[in-house]
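Student: Got a structure for you, written out below as structure tokens; questions coming shortly.
The values are calculated or read from the model by the stated rules, or taken from the named source; none is laboratory data. Computed from a predicted model, the values in this text were never measured in an experiment. Glycine also receives a Cβ, built like all others from the backbone with ideal geometry; neighbour counts cover every protein chain displayed.
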Amino acid sequence: MTQTAQYDPSRLQDIVEAATVLRNGGCVAFPTETVFGLGVDATNPNAVQRAFVAKGRPSDNPLIVHLHSPSQMDLYCHSIPDIAYKLIEHFCPGPLTIVLPRRDSIAMSVTAGLDTVAIRFPNHEVAQRLLREVNLPIAAPSANRSGRPSATTWQAVIEDLDGLIDGVVCGEPCGIGIESTVVDVTRANPTVLRCGGVTLEQLHDVVPNIVMHNQQVDSSVNSPGLRHRHYQPTAKVVLVDSVSEMDHASNFFESDLRCAYLGINKLSEAITSKLVHYSYCNNEADYATALFRFFRECDNLGVQLILCQVVDEIGIGRALMDRIRRASGS
Ligand code: AMP
Ligand code: MG
């Protein structure tokens, strides 16, 4: 682990030191397969408060609790339905978060006063070693300032949170690059509250009656985080449907705006020559991995407008489009 003032990557994987800081009520960022998390002891209200303050996160936005083993669940949740075990069997450890009835052992502030708690088992060696070492439930929101693009590299964590947290356990850039899928199993039909690393199609195969929550149609689902501003770079994000639309978007490029492009389809040289930054992705999964990092690169380059290619909302494309839309403010 490094104190955030020191950036020596060679010193960043001291799991034992990080676990001690967490046990003592500290705030430590660590890598997961989705995005970097900002970990705090979920049983310690003061520690939890520190994560909310460091992020500038609204207190009505509940945190996900990370565990290393399903055997820990009974300590923190109750009335666990069979469907939860089925989901765990198929997708855990992995980018799936399951909402369950909470026990009082979890600090009330973690769940923003809800009587449920969101649980995840990350599939990342460093995260798992840290969770095993500390052996406490670790509440870990994404390790970015609230509203900003999630951090998918340790450098991005430092960019946002240097001086506000106790350290970062470093690691490689996150493989998936967008957050976990959140499924509420406390309802009559298991309900996807947020799309993420596990796709709806994968979930359907295992749980045929799973439904997708639509906030516009059904406001009864209580997942307050869905309301908040999210994932936004300083630059304005604009969705473009196709390369031909890009060609017609010449008004952007003829303007004085500093523009960038992220997508799968390649652009003509006439266009790329006018861009401050662009990157091509091999497929939707690569696009998801690249998204938040690209947003941050654009901010660092003073980009004012980021054009993002629209993809089909199937597979990981559904979560990807959700993040791009929210980043665009729509
Ligand atoms: P983040 O930490 O930014 O990945 O966001 C976690 C998200 O998980 C929140 O914004 C909520 O939408 C969702 N969540 C966490 N806990 C609960 C819960 N108890 N019930 C419903 N949704 C939850
Ligand atoms: Mg977040």
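Student: Just need a number here: residues in the stretch 16-37 that are β-branched (Val, Ile, Thr), under 15 Å from Pro95 (Cβ atoms) and more than 13 Å from ligand 1 (Cβ to nearest atom). I'd like the intermediate steps shown before the answer.
Tutor: Step one: list which residues in the stretch 16-37 are β-branched (Val, Ile, Thr), which gives 16, 20-21, 28, 32, 34-35.
From what's left, under 15 Å from Pro95 (Cβ atoms): 32, 34-35.
Filter once more, so that each one left must be more than 13 Å from ligand 1 (Cβ to nearest atom): none.
Adding up the residues that qualify gives 0.
Student: Considering Ala107, Ala151, which residue is touching a residue at least 60 places away in the same chain (Cβ under 8 Å), over 30 Å from Lys236 (Cα atoms) and touching a helix residue (DSSP H, G or I) at 6+ places or on another chain (Cβ under 8 Å)?
Tutor: Numbers: Ala151 fails: over 30 Å from Lys236 (Cα atoms).
The match here is Ala107.
For (1) within 16 Å of ligand 2 (Cβ to nearest atom); (2) among the basic types (Lys, Arg); (3) modelled with pLDDT of 95 or more; (4) exposed (fewer than 15 other Cβ atoms within 10 Å of the Cβ), each residue gets a yes or a no:
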{"site": "Asp162", "(1), (2), (3), (4)": "no, no, no, yes"}
{"site": "Glu172", "(1), (2), (3), (4)": "no, no, no, yes"}
{"site": "Asp184", "(1), (2), (3), (4)": "no, no, yes, no"}
{"site": "Ala188", "(1), (2), (3), (4)": "no, no, no, yes"}
{"site": "Leu193", "(1), (2), (3), (4)": "yes, no, yes, no"}
{"site": "Ser219", "(1), (2), (3), (4)": "no, no, no, yes"}
{"site": "Asn222", "(1), (2), (3), (4)": "no, no, no, no"}
{"site": "Pro233", "(1), (2), (3), (4)": "yes, no, no, no"}
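Student: What is the residue count in the stretch 138-147 for residues that are within 11 Å of ligand 1 (Cβ to nearest atom) and either in a loop (DSSP other than H, G, I, E, B) or surrounded by fewer than 21 Cβ atoms within 10 Å (Cβ to Cβ) (or both)?
Tutor: Residues of the stretch 138-147 that are within 11 Å of ligand 1 (Cβ to nearest atom), as a first pass: 139-144, 146-147.
If we keep only those that are either in a loop (DSSP other than H, G, I, E, B) or surrounded by fewer than 21 Cβ atoms within 10 Å (Cβ to Cβ) (or both) as well, we get 140-141, 143-144, 146-147.
Qualifying residue count, the stretch 138-147: 6.
Student: Shifting gears a bit: Return the only residue of Ala51, Ala47 being more than 14 Å from ligand 2 (Cβ to nearest atom), hydrophobic (A, V, I, L, M, F, W, C) and under 19 Å from Val157 (Cβ atoms). Give the steps one after another, and end with the answer.
Tutor: Values: Ala51 fails: more than 14 Å from ligand 2 (Cβ to nearest atom).
Checking each option against the conditions leaves just Ala47.
Student: As an exercise: evaluate Leu130 against (1) under 16 Å from Ala47 (Cβ atoms); (2) among the hydrophobic types (A, V, I, L, M, F, W, C); (3) within 14 Å of ligand 2 (Cβ to nearest atom) and give the number of the one condition it does not meet.
Tutor: (3)
Student: Let me ask something else. Residue check, Ala288 against (1) crowded, with 20+ Cβ neighbours inside 10 Å; (2) at pLDDT 95 or above; (3) over 16 Å from the mean Cα position of the chain (by Cα); (4) among the small types (Gly, Ala, Ser), all met but one. Which one?
Tutor: (3)
Student: Given the residues Asp60, Asp82, Asp74, Asp115, which is the only one that is among the acidic types (Asp, Glu) and either touching a Gly at 6+ places or on another chain (Cβ under 9 Å) or surrounded by 15 or more Cβ atoms within 10 Å (Cβ to Cβ) (or both)?
Tutor: Numbers: Asp82 fails: either touching a Gly at 6+ places or on another chain (Cβ under 9 Å) or surrounded by 15 or more Cβ atoms within 10 Å (Cβ to Cβ) (or both); Asp74 fails: either touching a Gly at 6+ places or on another chain (Cβ under 9 Å) or surrounded by 15 or more Cβ atoms within 10 Å (Cβ to Cβ) (or both); Asp115 fails: either touching a Gly at 6+ places or on another chain (Cβ under 9 Å) or surrounded by 15 or more Cβ atoms within 10 Å (Cβ to Cβ) (or both).
Only one candidate qualifies: Asp60.
Student: Answer with yes or no whether Leu301 is closer than 19 Å to Ile271 by Cβ and either among the acidic types (Asp, Glu) or surrounded by fewer than 20 Cβ atoms within 10 Å (Cβ to Cβ) (or both).
Tutor: On the way: closer than 19 Å to Ile271 by Cβ: yes; either among the acidic types (Asp, Glu) or surrounded by fewer than 20 Cβ atoms within 10 Å (Cβ to Cβ) (or both): yes.
The answer is yes for Leu301.
Student: Considering only the stretch 35-137, give the helices (runs of 4 or more DSSP H) lying wholly within it that have at least 2 residues that are basic (Lys, Arg). I'd like the intermediate steps shown before the answer.
Tutor: Details: elements: 45-55, 73-76, 82-91, 125-134.
Those helices (runs of 4 or more DSSP H) span 45-55, 125-134.
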